[in-house]
1. Please enumerate the residues belonging to the stretch 277-306 that are within 13 Å of P202 (Cα to Cα) and small (G, A, S).
2. Kindly provide the set of residues from the stretch 275-295 that are farther than 19 Å from G306 by Cα and free of Cβ contacts under 8 Å to residues at least 12 places away in the same chain, ordered by number.
3. (1) without any contact (Cβ under 8 Å) to a residue 24 or more places away in the chain; (2) within 16 Å of the chain's Cα centre (by Cα): which one isn't true of A265, the others all being true?
4. Report, by residue number, each residue of the stretch 181-234 that is among the small types (G, A, S), in contact with a helix residue (DSSP H, G or I) (Cβ under 9 Å, 6 or more places away or on another chain) and within 25 Å of G44 (Cα to Cα).
5. Looking only at residues in the stretch 243-261 that are of a type in the set (D, E) and in contact (Cβ under 8 Å) with a residue 12 or more places away in the chain, which one is nearest to A298 (Cα to Cα)?
6. If I ask for residues that are crowded, with 16+ Cβ neighbours inside 10 Å, within 25 Å of A19 (Cα to Cα) and among the small types (G, A, S), which ones from the stretch 253-280 would you list?
7. Enumerate the helices (runs of 4 or more DSSP H) found wholly within the stretch 212-322, keeping only those where 1 or more residues are out of contact with any strand residue (DSSP E or B) (no Cβ under 7 Å at 6 or more places or on another chain), polar (S, T, N, Q) and over 23 Å from G337 (Cβ atoms).
8. Identify the single condition in (1) under 17 Å from the mean Cα position of the chain (by Cα); (2) modelled with pLDDT under 95 that H340 does not satisfy, given that it satisfies every other one.
Amino acid sequence: MNVFWFIPTHGDSRYLGTAQGGRRVSYDYLKQVAVAADTLGYDGVLLPTGRSCEDAWVTASSLIGVTQRLKFLVAVRPGLTAPSLAARMAATFDRLSGGRLLVNVVTGGDPVELDGDGLFETHAERYEITDEFLRIWRGVLAASHDSEDLSFTGDHLTVKGAKVLYPPVQKPYPPLYFGGSSPAAHDLAAEQVDVYLTWGEPPAAVAEKIADMRRRAAEHGRTLRFGIRLHVIVRETDAQAWQAADDLLSKLDVDTIKAAQTKFAKMDSEGQRRMSALHGGDTSKSRAKLEVSPNLWAGVGLVRGGAGTALVGDGATVAARMKEYADLGIDTFILSGYPHLEESYRVAELVFPHLPRPQQESLPGFSLSGPFGEIVANHIVPSAAVTSAG
């Protein structure tokens, strides 16, 4: 089981939909989150993309030197960057980080944002561009290991003699991650990517997606790995976790929810439509309507685009829900929580001990380097907590 965390380049807060309790996006804060994830044993971090975010590549590059083993899942936007340039950027990052790059392919689903970036193609055309982009990107990086060049002529993109002189560390190229819920997205993922990502839908819906993706991939003689993107609200008891979920929405007003839902409705993303359908824009913020599956809470999606669901509960409960997804075929969990610095510690301390992960040995109670906790009365070493990895 691979567990990733999230670098909040679009801002962080104690509450959703308000500036109260908000945190400024600064290098110092993003560095704190990255170093925490690296130290706590997360396998990697996701950096989001879009005009609401600081640039993912610049931010990730700045964090290479302050981390040691952390991998960076960095977004590339087909149509915004030429594929050969994107390939050189990937190879450079992979080399300078010692093979710690993962690439998240984001086609985009917000026409207003895309118009601002100069992309006026339809939903179908954007996936055609993504398909051609990946054929060039994959081809030129794979060829770089043999010092060859690549030529490609497509309906949207063409290159002649494309070449990357400095190949990436990972062969044939850094792994490709991709998420999308439309048939066009599923076709693309089945043929070209390594890890298919889904947002946190109920297990039955995720199972349907995985079955469909496996069938489509098999038609190309391929197999895929699977990942899921979720928020987490974990506390020492279920009651405390659900109270924290209520607190997260406590400053959120009806007008803000309606404004956000109006904006989401204008997107042509099938994934966003599915996220919004889970909560239906409920303005009551009631747990009864927002708990769309046991311990799966859709409250985040009332105002946040993209991933809009959270696993809520104590450590054992959250771990049990993660294992349910793992049993379906999910091996990568990309998590986040508010505020991201504090929640990264809560997940590591309360959830990790219940998961089958080799990083457990570095956690309090498993390491040989103790003691852990504040020394009592200048003399007494705190006793280790008893946890279960079952």
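1. A277, S293, A298
2. Within the stretch 275-295, S284, S286, A288, K289 qualify.
3. Checking A265 against (1) without any contact (Cβ under 8 Å) to a residue 24 or more places away in the chain; (2) within 16 Å of the chain's Cα centre (by Cα), the one that fails is (2).
4. S181, A185, A189, A190, G200, A207
5. Filtering first and then ranking leaves D246.
6. Of everything in the stretch 253-280, those that are crowded, with 16+ Cβ neighbours inside 10 Å, within 25 Å of A19 (Cα to Cα) and among the small types (G, A, S) turn out to be A260, S276.
7. 254-265
8. (2)
The values are calculated or read from the model by the stated rules, or taken from the named source; none is laboratory data. Only a predicted model underlies this, so the values are computations on that prediction, with no experimental measurement involved. Glycine also receives a Cβ, built like all others from the backbone with ideal geometry; neighbour counts cover every protein chain displayed.
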